[in-house]
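To keep things clear, I will list the structure first and then write my remarks on it.
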Amino acid sequence: MTLTEKLLARAGGKMRVAPGENVWVQVDVLMTHDVCGPGTIGVFHREFGRDAKVWDASRIVIIPDHYIFTADSRSNRNVDLLREFVREQGIRWFYDVIDDPKSVWKFDAAKGQLKRQYGDAFAGVCHTALAAKGHTRPGEVLLGTDSHTCMAGAFNLFATGIGNTDAGFVMGTGKLLLKVPETMRFRLEGALPFGVMAKDAILHVIGEIGFDGATYRAMQFDGEGARSLSMDDRMTIANMAIEAGGKNGIFEFDAKTKAYVDARIRANGTRAAYEPVEADREQKFVYDKTFDLSKIEPTVAKHPDPGQRALARDCGDIALDRAYIGSCTGGKASDFLAFARVVKGKRVKIDTFGVPATPEVVRELQVFQMDGKSAWRVLEEAGVRMTENASCAACLGGPEDTFGRLNRPMNCITATNRNFPGRMGHKDSKVYLASPYTVAASALTGRITDPREHLPSS
Amino acid sequence: MSTILEGALYVMRDNVDTDQIIPAQYLNLVPTIPEEYEKLGGYALIGLSEAQHPERFIAPGELKTRYPLLIAGRNFGCGSSREHAPIALGAAGAQAVIAESYARIFFRNCVATGELYPIESAVRLCDTLKTGQIGRLDLDAGTLVVEGVIHRLKPLGEARPVIDAGGLFKYARRNHLIPVR
């Protein structure tokens, strides 16, 4: 069996499963957020009763992160609805925007977008936060009401996005009927070359198979090239399995996985026991191809979908109005540090917005020194509008006052994961996906730019 | 549940994603709050480009559509897991979508909510059919008849009884998968 088949067999209490089989799966973690949480809770109450209790309050993780730093009162209310449910159910893992459980959340627009407006419990973008807070335990099944839940596959989990109704069912029963997907195998060899990031690798792969090329399928990334990647790199790749239509993305477990996961479980006091899965010697793949990471070049996905692959060096004729770095895919500390290496000591030529994925990323950037200055300072001095308010922000548009949102038709290059029409705001905008390096180099020139000539060589 | 659905067609092309079905700024509406469910219907398919779709799915100021049958190409509903997407279409009065293929989560959300039937066509229909034509969809026969021409549809299989029942919970209760309330 493949990694995904072994995970679903275990969670289904079966010796074997085969692709196409429907299996009742026991869920280890259910995650929801402010956009789909209130609706999920509504389904739970409607179907199981106003006084019903969730199947296991210790296995539900609630992370407000989407529409937080907005004056839209309905969005603020949705965070309060989550808090009410957490209190009613005794849910421990709630990463609230505010620290006082008796208060209500209200964004203060007068204080502006840049300065921190959250308390100590807040954790930022759900997928990054799940990993950072020790909720991604290898060998488990994690379902979330968000399509990028597949990011947790970086840690050897079966992780996929579901809707409110399915999530309401899981809340009440702890179970869900899932179809075992066929597995596509992407055997990675070599290592990423100078100026190339994991984002380029996954954009290359999506371009190869098409952005519906993995629909209903698992994407398994293995081989020595996969082992050479950092956990941040693996997260970037697993995150975008859905951009090829994939049900999940998954990596093998190794010493890097263990070190990352164990440290975060310890720091946050989450459940420590886990049991990774290993693939069998005999695995059946519906697709099996080797990709040499060392041959990949800086890659972009052009408007209007993540499958419109092109090389950055061939896109120099595309003029840009805006650059953006942030989101689960592209808002990690390593993403911002890569960006900072390109822009250090220079000035961006177009409006450039930076939204760290988590408060932890904000702290890291404010502490990390580059030639006597914090990385945060380096970014600000280069003209990047950095906000401390970690959230999904303009990656998915959001309410009109969302930081960095495209409120008029424009061309934007972004380190985020999705570029369908209207994704970042205005439906007549054009969005280009690229690595943090490429976004940074393009911010400096105002055109889509290969970052290799803008990077210091060591 | 009637097996015949009849009404005007609304024709779209490939890769109609969830941002076009219900743009992100409307996701502050909670589908289980009845008045917000109704509002979601009013924004259904508002993200489609005006240039390509001069006939709007929802007329300005309306909450309901006059097009109960949707026609599309490949990969309908790709993108986000937002259940607001099938819900907005269902709340607007859409009863079925007939596309060449679907994104996985959208298809599953149609079934789980029971909001509308996501049916695959045997061949591509979005190049030949026109918005405003009247279609007669026969779920049992697996056909869509438009102006006397019969178009074959693929069977819905095990998804059909779940949608017939009105979604995952009603189906699960009917089949004693969860206790009856």
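Given the protein chains as shown and a 1.4 Å probe, how many square angstrom of A:LEU177 are accessible, to the nearest 10?
Here the residue's solvent-accessible area equals roughly 60 Å².
With the Cα gyration tensor of chain B giving a ≥ b ≥ c as the square roots of its eigenvalues, does the rule (a/c under 1.5 for rounded; else a/b larger than b/c for prolate; else oblate) give rounded, prolate or oblate? Walk me through the numbers on the way to the answer.
Working: a/c = 1.65, a/b = 1.08, b/c = 1.52.
Since a/c reaches 1.5 but b/c is at least a/b, the shape of chain B is classed as oblate.
Just to verify a number: FRET efficiency for A:SER294 and A:THR445, C-beta to C-beta distance, R0 = 45 Å, to 0.05?
0.95
Counting only protein heavy atoms, probe 1.4 Å: which residues of region A:409-458 lose 30 Å² or more of accessible surface in the full assembly compared with their chain by itself?
Hits at the 30 Å² cut-off: A:ARG418, A:PHE420, A:PRO421, A:ARG423, A:LYS427.
Pairs B:LYS39/B:LYS154; A:LYS53/A:LYS115; A:LYS427/B:LYS130; A:LYS179/A:LYS284; A:LYS256/A:LYS289; A:LYS258/A:LYS302: which are spaced more than 28 Å apart, C-alpha to C-alpha?
In this structure, B:LYS39/B:LYS154; A:LYS53/A:LYS115; A:LYS258/A:LYS302 exceed 28 Å between Cα atoms.
In the neighborhood of B:ASN75, defined by Cβ-to-Cβ distances under 11 Å, what is the net charge if each Lys or Arg adds +1 and each Asp or Glu adds -1?
Value of the local net charge: -2.
Aspartates and glutamates within cross-link reach of B:LYS170: Cα-Cα under 12 Å, excluding same-chain residues under 8 positions apart?
A:GLU47
Pop the C-beta distance of A:GLU189 and A:ARG16 into the FRET formula with R0 = 35 Å and round what comes out to the nearest 0.05. Intermediate values should be presented prior to the final figure.
Numbers: r = 30 Å, r/R0 = 0.85.
About 0.70, to the nearest 0.05.
In the full protein assembly as shown, how much of B:LEU63 is accessible to a 1.4 Å probe, in Å² to the nearest 10?
Using a 1.4 Å probe on the heavy atoms, I get roughly 80 Å².
Taking a 1.4 Å probe, which of A:ARG187, B:ARG74 shows the most accessible area, and what order do the others take after it? Working shown, then result.
Values: A:ARG187 75, B:ARG74 115 Å².
The ranking, largest first, comes out as B:ARG74, A:ARG187.
What does the net charge come to around A:THR165 if you take all other residues with beta carbon closer than 13 Å to its beta carbon, with K and R at +1 and D and E at -1?
Working: positive: A:ARG46, B:ARG82, B:ARG108, B:LYS170; negative: A:GLU47, A:ASP166, B:GLU83, B:GLU115.
For residues surrounding A:THR165, the net value is 0.
Which one of A:PHE368, A:LEU8, A:THR149 is farthest out on the positive end of the charge dipole of the protein assembly as shown, using unit charges on Cβ (Lys, Arg +1; Asp, Glu -1) and the Cα centre as origin?
A:PHE368
Tally up the carbon and sulfur contribution to the accessible surface of region A:105-240 as a whole percent, 1.4 Å probe, everything protein left in place.
50 percent
Around A:ALA226, under 13 Å between beta carbons, what's the net of Lys plus Arg minus Asp minus Glu among the other residues?
Here the count lands on -2.
Using a 1.4 Å probe over the heavy atoms of the protein chains, calculate the carbon and sulfur portion of the accessible area of region B:4-174 as a whole percent.
Roughly 52 percent of what the probe reaches on region B:4-174 is carbon or sulfur.
Taking the dipole about the Cα centre of chain A, with the C-beta of Lys and Arg at +1 and of Asp and Glu at -1, give me whichever of A:ALA198, A:TRP24, A:ALA263 is farthest to the positive side.
A:ALA263
Per DSSP H run of n ≥ 4, the term is -39500 (n - 2.57); total these for chain B, divide by its residue number, and report the mean residue ellipticity at 222 nm rounded to 500 deg cm²/dmol.
One gets -6500 deg cm²/dmol as the mean residue ellipticity at 222 nm.
Provide a list, ordered by number, of residues in region B:71-97 showing at least 40 Å² less accessible area with every protein chain present than when their chain is taken on its own, using a 1.4 Å probe.
Buried by the other chains: B:ASN75, B:GLY79, B:SER81, B:GLU83.
Going 7 Å from the Cα of A:ARG50 in the Cα-to-Cβ direction, what parts of region B:35-53 have a backbone nitrogen less than 18 Å from that spot?
B:35
Taking the dipole about the Cα centre of the protein assembly as shown, with the C-beta of Lys and Arg at +1 and of Asp and Glu at -1, give me whichever of B:LEU29, A:HIS135, A:GLY223 is farthest to the positive side.
A:HIS135
Once you charge only the Cβ atoms, +1 for Lys and Arg and -1 for Asp and Glu, what is the size of the charge dipole of chain B about its Cα centre, to the nearest 20 debye?
Magnitude of the dipole: close to 420 debye.
Would you work out the relative contact order for region A:302-454, in percent, from Cα pairs under 8 angstrom that are 6 or more residues apart? Intermediate values should be presented prior to the final figure.
Working: 369 pairs, mean separation 52.4, N = 153.
The value is 34 percent.
Let me have the 222 nm mean residue ellipticity of chain A computed from DSSP H runs of 4+ only, each contributing -39500 (n - 2.57), with the sum over all residues rounded to the nearest 500.
After summing the helix terms and dividing by the residues of chain A, the value is -8500 deg cm²/dmol.
Given axes a ≥ b ≥ c from the Cα gyration tensor, I'd like to know whether region B:119-181 is rounded (a/c under 1.5), prolate (a/b larger than b/c) or oblate. Mind showing how you got there, number by number?
Details: a/c = 3.40, a/b = 2.95, b/c = 1.15.
Prolate, because a/c is 1.5 or more and a/b exceeds b/c.
Which residues of region B:111-132 end up with at least 10 Å² less accessible area in the presence of all protein chains than when their chain stands alone, using a 1.4 Å probe?
Output list: B:ALA112.
Could you tell me which trypsin sites (Lys or Arg not before Pro) in region A:18-87 are loop residues by DSSP with no more than 16 other beta carbons within 10 angstrom of their beta carbon? Mind showing how you got there, number by number?
Numbers: sites: A:ARG46, A:ARG50, A:LYS53, A:ARG59, A:ARG74, A:ARG77, A:ARG83, A:ARG87; in loops: A:ARG50, A:LYS53.
Passing both the DSSP loop test and the Cβ count: A:ARG50, A:LYS53.
Classify the protein assembly as shown from the C-alpha gyration tensor, please: rounded if a/c falls under 1.5, else prolate or oblate depending on whether a/b exceeds b/c.
The shape class here is rounded.
Run the 1.4 Å probe and let me know the accessible area of A:ASP321, rounded to the nearest 10 Å².
Here the accessible area works out near 70 Å².
With +1 on each Lys and Arg Cβ and -1 on each Asp and Glu Cβ, how big is the dipole of the protein assembly as shown about its Cα centre, in debye rounded to the nearest 20? All intermediate terms of the calculation are to be shown ahead of the outcome.
Numbers: 79 positive and 77 negative charges, 104 e Å.
Roughly 500 debye, rounded to the nearest 20.
For chain B, calculate the relative contact order in percent as a whole number, restricting contacts to Cα pairs under 8 Å that are 6 or more residues apart.
Over chain B, the number comes to 24 percent.
Which lysines have a Cα less than 17 Å from the Cα of A:LYS295, not counting those fewer than 8 places away in the same chain?
Qualifying lysines at Cα under 17 Å: A:LYS199.
Within chain A, what's the longest run with no GluC sites (Glu not before Pro) in a DSSP loop and at most 14 other beta-carbon atoms within 10 Å? Give the range, please.
Values: sites that count: A:GLU278, A:GLU282, A:GLU400.
Of all site-free stretches, the longest is A:1-277.
Hey, which aspartates and glutamates would be in cross-link range of A:LYS332, C-alpha to C-alpha under 18 Å, not counting anything within fewer than 8 residues on its own chain?
Partners within reach: A:ASP65, A:ASP200, A:ASP232, A:ASP233, A:GLU360, A:GLU364, A:GLU380, A:GLU388.
Restricting to Cα pairs below 8 Å that are 6+ residues apart, what does the relative contact order work out to for chain A? Please round to a whole percent.
Taking the mean separation of contacting Cα pairs over the length of chain A, I get 17 percent.
Provide the FRET efficiency to the nearest 0.05 for the B:GLU55-A:TRP24 pair, computing r from the beta carbons and using R0 = 35 Å.
Efficiency computed from Cβ-Cβ geometry: 0.20.
The values are calculated or read from the model by the stated rules, or taken from the named source; none is laboratory data. In this text, all values refer to a predicted model and were calculated from it rather than measured experimentally. Here Cβ is always computed from backbone atoms with ideal geometry, including for glycine, and neighbour counts include all displayed protein chains. Note: areas computed on protein heavy atoms with side chains; ligands, DNA, RNA excluded. Shrake-Rupley method; radii C 1.70, N 1.55, O 1.52, S 1.80 Å.
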